[in-house]
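**Student:** I'd like to ask some things about the structure below.
The values are calculated or read from the model by the stated rules, or taken from the named source; none is laboratory data. On a predicted model such as this, the values are computed, not experimentally measured, just so you know. Backbone-built Cβ (ideal geometry, glycine too); neighbour counts: all protein chains shown. All accessible areas refer to the heavy atoms of the entire protein, side chains included, with ligands and DNA or RNA removed. Shrake-Rupley method; radii C 1.70, N 1.55, O 1.52, S 1.80 Å.
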Amino acid sequence: MHKFTLELLFQIIGIGSASGLVHKENSLFLISDNSSILYEYDIQSEKLDTYPLLENNADVSKQKNIPKKIKPDFESIAVFGEDCYIFGSGSTENRNKMIHFDTNKKEKIAETDLTDLYLVMQSFGNIKPDEFNIEGAIYTGEKWFLFNRGNSESRKNGIFTIGGNNLTDDFSVLYNSYKLPAIKGIPSSFTDAVQVRDKIYFLATVENTGSTYEDGIVYGSFIGRIDIEKMKIDYTQKISDKHKFEGLSVLTEEEKTIEFYLCEDNDTDTLESNVYKLTLTK
């Protein structure tokens, strides 16, 4: 048992269904699986800026709550230096985009179609298209870790390690599958992850659904840790009986404790999102 405290830090008005966040200096960069916007929240001033990711000079109000059938489903966000990478989940054909955004210049650098990569990942991991659902991403500068959320009937939770020169036509793929803890007999599934030195900390949520597309009743969330060298789970710890946490980023790290920012996906069209602080003993 790892001791922890969980507290609500603040509520951000203007963003709904938060699905990922990264902490950089005094800002939080957040994504929502209902929108095609990258949000920047200044923690001190409480100012919220918006950066459209798919259309230049577009009407931002129309990008905040996109219908499920056509939304890009941005579920994962990773940062390396000033570079921010936002991934579509791949759970349908229109959810295969990756956006490269410069957090210093505040501008979109590139948009990449990951269809070929996602098809190779599905084949390599023996994951059917309707079971494929990328909800976590880490970039080390040399390789990627992409996390498949096993919230389909087969519950295929796994981590893809992607190497090579790019993500379109020069890459290698490794795959590790995982059995995650359950609540009420329903296994949890990956929802986000972050690297801390030689460890990966991850979130996993229990949601009563057999689909990567439809939402279900939430029964709680876990945090866990994976040793990168062995790619084995060190431990898991239940942190909530009701929250669907989908964003994880480091706030501070001490010798014996580590603090994270967490965001919650409320699965509604309401444009408000809660950000929590989780303090965990190592």
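**Student:** With respect to E264, determine if the residue is open to solvent by 10 Å² or more (accessible area, probe 1.4 Å), charged (D, E, K, R) and touching a Lys or Arg at 6+ places or on another chain (Cβ under 9 Å).
**Tutor:** yes
**Student:** Among what's in the range 118-140 and is in a helix (DSSP H, G or I) and within 18 Å of the chain's Cα centre (by Cα), pick the residue that is nearest to I86 (Cα to Cα).
**Tutor:** Here the residue is Y118.
**Student:** Keeping to the range 185-199, report how many residues are open to solvent by 30 Å² or more (accessible area, probe 1.4 Å), assigned to a loop (DSSP other than H, G, I, E, B) and either among the aliphatic types (A, V, I, L, M) or touching a strand residue (DSSP E or B) at 6+ places or on another chain (Cβ under 8 Å) (or both).
**Tutor:** Qualifying residue count for the region: 1.
**Student:** Could you go through the range 200-217 and let me know if any residue there is in a loop (DSSP other than H, G, I, E, B), of a type outside the set (F, W, Y), loosely packed, with under 15 Cβ neighbours inside 10 Å and modelled with pLDDT of 95 or more.
**Tutor:** The answer is no; no qualifying residue exists.
**Student:** Something else about it: Could you list, in sequence order, the residues of the range 141-184 that are in a strand (DSSP E or B), open to solvent by 10 Å² or more (accessible area, probe 1.4 Å) and hydrophobic (A, V, I, L, M, F, W, C)?
**Tutor:** Matches in the range 141-184: W144, F171, V173, L174, A182, I183.
**Student:** Among the residues that make up the range 258-279, is at least one of them without any contact (Cβ under 8 Å) to a residue 60 or more places away in the chain and either touching a helix residue (DSSP H, G or I) at 6+ places or on another chain (Cβ under 8 Å) or farther than 20 Å from L9 by Cβ (or both)?
**Tutor:** No: the range 258-279 contains no residue that is without any contact (Cβ under 8 Å) to a residue 60 or more places away in the chain and either touching a helix residue (DSSP H, G or I) at 6+ places or on another chain (Cβ under 8 Å) or farther than 20 Å from L9 by Cβ (or both).
**Student:** Related question: Where in the range 7-75 are there strands (runs of 3 or more DSSP E), lying fully within it, with 1 or more residues that are open to solvent by less than 10 Å² (accessible area, probe 1.4 Å)?
**Tutor:** Per the criteria, 18-24, 27-32, 37-42.
**Student:** Do we find a residue being within 19 Å of A137 (Cβ to Cβ), surrounded by fewer than 20 Cβ atoms within 10 Å (Cβ to Cβ) and either more than 19 Å from the chain's Cα centre (by Cα) or among the hydrophobic types (A, V, I, L, M, F, W, C) (or both) anywhere in the range 237-250?
**Tutor:** Yes, some residue in the range 237-250 is within 19 Å of A137 (Cβ to Cβ), surrounded by fewer than 20 Cβ atoms within 10 Å (Cβ to Cβ) and either more than 19 Å from the chain's Cα centre (by Cα) or among the hydrophobic types (A, V, I, L, M, F, W, C) (or both).
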